[in-house]
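Novice: So that we are looking at the same thing, I have put the structure below in structure tokens.
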Amino acid sequence: MQQLIDQEVDRFSVRQRSFHVFDEASSIQAGNVRRWLMRGQNFIVEWVEAATAGQTVTAESEHETLVLLPEVGGAIQQAGKPAVHAAAGAICIVPPGPYSVTLEQAGRCCVIASSRSDVDMNDTVNAPAYADPDPRIVPVGTPYRRHTGQGEIQVLQLDEIKAPADKPRLKMFQTETLSINWVAYEGPRTRSQLSPHSHAHHEQGSLAIKGNYKHHLRVKWGNNANLWQDDEHCAAPSPSLLVVPVNLIHTTEGVGNDAHILVDIFSPPRADFIAKGWIYNAGDYTLDK
């Protein structure tokens, strides 16, 4: 009991991470479609696997959402508007409101949102972790405002977009309330060039889409030994999602000779990345303060 009290009052404490391999977690089955829902404090991830072509999933949010189509193309349909086609290897930014995604072939897609009006957050596989919100996490706050292509679905083909010169493995994107890092590389990550770090005011979701990984997690030792935790080296096959809490030192190592795709998720958008010019479509948005 004393340890729980210490964790509540110590601003340097670290909550337990959330991690699930989707194939081992509970899913929602509807016909030939399986869905997994997992959350952070400010975001929700829906992973979808369709066993046959032509399967449709629906989503609704008060803010823009991201639809990731890493392997198969699909059509996104909003009410009263023509369907928008996206080829495999696309990231789609969908305006607020309800919509559907119909996959052209059997395959996988992902919907990332800061909120979902059509989802009960108690249905997420890690819902108990958020029974008590972490007050240190910066809230979504005032959304960014899109000033180009407002109200339109934007389709961004990843192979047509260059990574920042100083971040060659990363392609970064934002919406009104989210930002993501699309991290892709071939073969194992160089073990002498890992990047352990922590965040004081936000969580990070790390969504493994392709390849195998090892998440290295460490809690910094403070004066209160009751708050210490053992290091963890968490094997993470794809698809899986790790949610990194405030103050947890973390870095992710791609292992094996296969291709790797990992997506880091943040909400609100990373203002520091925007300021450094790393986010590809940051020029489409303004933050009204």
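The values are calculated or read from the model by the stated rules, or taken from the named source; none is laboratory data. Keep in mind it's a predicted model, so treat the numbers as computed, not measured. Don't worry about glycine lacking a Cβ; one is built from the backbone with ideal geometry, like all the others, and counts go over all protein chains shown. Heads up: the accessible areas ignore ligands, DNA and RNA and are worked out on the full protein's heavy atoms, side chains in. Shrake-Rupley method; radii C 1.70, N 1.55, O 1.52, S 1.80 Å.
Novice: Would you mind telling me which numbered condition in (1) more than 20 Å from Asn122 (Cα to Cα); (2) crowded, with 17+ Cβ neighbours inside 10 Å; (3) of a type outside the set (D, E, K, R) Trp36 fails?
Specialist: With (1) more than 20 Å from Asn122 (Cα to Cα); (2) crowded, with 17+ Cβ neighbours inside 10 Å; (3) of a type outside the set (D, E, K, R) applied to Trp36, the lone miss is (1).
Novice: Looking only at residues that are polar (S, T, N, Q), at pLDDT 90 or above and over 30 Å from Ala51 (Cβ atoms) in region 1-30, which one is most open to solvent (accessible area, probe 1.4 Å)?
Specialist: Gln16
Novice: Looking only at region 49-63, filter to residues that are aliphatic (A, V, I, L, M) and in a loop (DSSP other than H, G, I, E, B); which one of those is farthest from Ala25 (Cα to Cα)?
Specialist: This residue is Ala53.
Novice: Being of a type outside the set (Ser, Thr, Tyr), open to solvent by 20 Å² or more (accessible area, probe 1.4 Å) and in contact with a Leu (Cβ under 8 Å, 6 or more places away or on another chain) narrows it down to one of Gly54, Gly74, so name that one.
Specialist: Gly54
Novice: When you check Ser100 against the structure, is it part of a strand (DSSP E or B) and among the small types (Gly, Ala, Ser), yes or no?
Specialist: yes
Novice: Here is a follow-up. Tally time: how many residues in region 107-126 are open to solvent by less than 20 Å² (accessible area, probe 1.4 Å) and closer than 20 Å to Arg15 by Cα?
Specialist: 2
Novice: Another question, then. Pro164 fails exactly one of the following numbered conditions: (1) under 17 Å from Gly283 (Cβ atoms); (2) touching a strand residue (DSSP E or B) at 6+ places or on another chain (Cβ under 6 Å); (3) not hydroxyl-bearing (Ser, Thr, Tyr). What is the number of that condition?
Specialist: (2)
Novice: Sort out for me the strands (runs of 3 or more DSSP E) sitting completely within region 140-239 that have 3 or more residues that are open to solvent by 20 Å² or more (accessible area, probe 1.4 Å) and under 23 Å from Ser115 (Cα atoms).
Specialist: 154-157
Novice: If the Cβ limit is 7 Å and pairs must be 6+ apart or interchain, which residue in region 226-244 that is touching a residue at least 24 places away in the same chain (Cβ under 8 Å) and more than 19 Å from His199 (Cα to Cα) pairs with which residue that is open to solvent by 10 Å² or more (accessible area, probe 1.4 Å) and in a loop (DSSP other than H, G, I, E, B)?
Specialist: Ser238/Gly211
Novice: Turning to a different aspect of this structure: Are there any pairs with C-beta distances below 6 angstrom linking a residue in region 51-80 that is without any contact (Cβ under 8 Å) to a residue 60 or more places away in the chain to a residue that is basic (Lys, Arg), with the two at least 6 apart or on different chains, and if so which?
Specialist: Ser61/Arg116; Glu71/Arg108
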